[in-house]
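Here's the structure we're looking at; comments come further down.
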Amino acid sequence: MATFFGEVLSVYSRAVEEDDEELDENEEDEEIHRELEEKREVHLHWSPEVTESLKSGNKLQCSDFILAVGDNAARFLSVYIPTSENWDAVGHASVWNERSRAVTSEESACVFHRHKNNPSVLICRATCYIAEDQLFQWTEKVFDCLQHRQLNVTVLSDSSVAEYKTADYLCSSSAPFLRSLHTAAYRDRPVCQSLEQPNIITGLPAAVLNHCEVHSIATVVYQCYSDVTGPDSVTMETFKPALTKLGKLIQLDPSPSTDVLRKFVRATNIQSNLYI
């Protein structure tokens with residue numbers, strides 16, 4: 001740029017600098033996004049025996065896969081299907097998101113157990129929060145490790161009775177209750193009535209049901225609607241009919257002791273300072 005006196009001055013363009021800054025910011029955002037994606041990836045950690053089998057191209061021979069999603073469903077399995085004596089922990093899933101943190105040990109909130117006497121029976125308790133963008137990952141990775149031939153899947157799920165939609169009046173005494181949804185490949189008769197429209201299932205049970213429908217896997221979801229938010233022995237017992245058919249495959253505890261129930265049910269002390 002020339003001045004009135006003929007000097008030539010260097011031109012400073014702020015537009016170029018802003019473009020460079022924007023480019024740097026975009027690259028930084030992309031890097032952060034990549035790091036978050038890597039951090040939010042679902043990881044499966046199997047025992048050395050299972051890992052070696054999967055590396056050899058041999059998937060887990062599984063005839064029955066029982067998945068419990070939610071506090072009451074998971075605790076129901078813990079009470080009525082004890083895992084200490086007849087079950088081996090064969091793996092766990094680690095999940096990191098805004099509401100849960102990845103756990104790298106077998107104390108994970110998503111552990112897989114296999115029956116010692118009947119290794120084709122696999123159970124999983126999922127009490128950790130799995131974000132929407134992780135549901136497909138979890139389902140794909142787990143079922144990619146299972147043999148699909150003659151596989152039967154049973155999903156137990158918790159839900160609040162407030163989410164249940166009905167045209168009739170629903171009194172509090174009717175809760176908890178079970179409803180079911182199943183894939184076209186499921187040939188058995190569910191132990192309760194089907195979930196009425198316009199009710200839907202969401203979260204991990206919905207992801208599993210959708211995956212199994214696409215891959216023609218016999219699957220049934222039993223959703224328990226309860227008016228209690230925390231672990232509750234009455235809500236746990238509502239799931240009992242769902243496992244009656246499994247009694248032929250594995251040993252169930254039909255009448256767990258009160259001490260066992262107390263162990264898995266958190267005592268809720270209602271404290272009030274109204275009259276203090």
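The values are calculated or read from the model by the stated rules, or taken from the named source; none is laboratory data. Because the structure is a prediction, the values reported are computed rather than measured. Here the Cβ positions follow ideal geometry from the backbone for every residue, glycine too, while neighbour counts run over all protein chains shown. For the accessible areas, the whole protein counts, side chains as well, though only heavy atoms, and no ligand, DNA or RNA atoms are used. Shrake-Rupley method; radii C 1.70, N 1.55, O 1.52, S 1.80 Å.
Taking into account only those residues within region 47-60 that are open to solvent by 40 Å² or more (accessible area, probe 1.4 Å) and not in a helix (DSSP H, G or I), which is nearest to Arg114 (Cα to Cα)?
Among those residues, the one meeting the criterion is Lys59.
Can you pull out every residue in region 137-166 that is outside any loop (DSSP other than H, G, I, E, B), open to solvent by 20 Å² or more (accessible area, probe 1.4 Å) and more than 15 Å from Val69 (Cβ to Cβ)?
Scanning region 137-166 gives Gln137, Glu140, Lys141, Asn152, Val161, Ala162.
Are any residues in region 167-183 surrounded by 10 or more Cβ atoms within 10 Å (Cβ to Cβ), modelled with pLDDT under 95 and not in a strand (DSSP E or B), and if so, which ones?
Leu170, Ser174, Ala175, Pro176
Within the set of pairs 6 or more residues apart or between chains, which connect a residue that is without any contact (Cβ under 8 Å) to a residue 60 or more places away in the chain and open to solvent by less than 20 Å² (accessible area, probe 1.4 Å) inside region 197-209 to a residue that is among the charged types (D, E, K, R) and part of a loop (DSSP other than H, G, I, E, B) with Cβ atoms less than 7 Å apart?
Filtered contacts from region 197-209: Asn199/Lys165.
Let me spell it out: the conditions are (1) of a type outside the set (Phe, Trp, Tyr); (2) buried (at least 20 other Cβ atoms within 10 Å of the Cβ); (3) within 23 Å of His43 (Cβ to Cβ); (4) modelled with pLDDT under 95, and Ala102 meets all of them except one. Which number is the exception?
(2)
Identify all residues within region 116-136 that are assigned to a strand (DSSP E or B) and either at pLDDT below 90 or of a type in the set (Lys, Arg) (or both); write none if there are none.
We begin by selecting, within region 116-136, every residue assigned to a strand (DSSP E or B); these are 121-126.
Selection gives Arg125 alone.
Yes or no: Val111 within 24 Å of His211 (Cβ to Cβ), modelled with pLDDT of 85 or more and open to solvent by less than 10 Å² (accessible area, probe 1.4 Å)? Outline the logic, then answer.
On the way: within 24 Å of His211 (Cβ to Cβ): yes; modelled with pLDDT of 85 or more: yes; open to solvent by less than 10 Å² (accessible area, probe 1.4 Å): no.
For Val111, the condition - within 24 Å of His211 (Cβ to Cβ), modelled with pLDDT of 85 or more and open to solvent by less than 10 Å² (accessible area, probe 1.4 Å) - is not met.
So, in region 210-245, how many residues would count as being within 19 Å of the chain's Cα centre (by Cα), at pLDDT below 95 and of a type in the set (Gly, Ala, Ser)?
The qualifying residues number 3.
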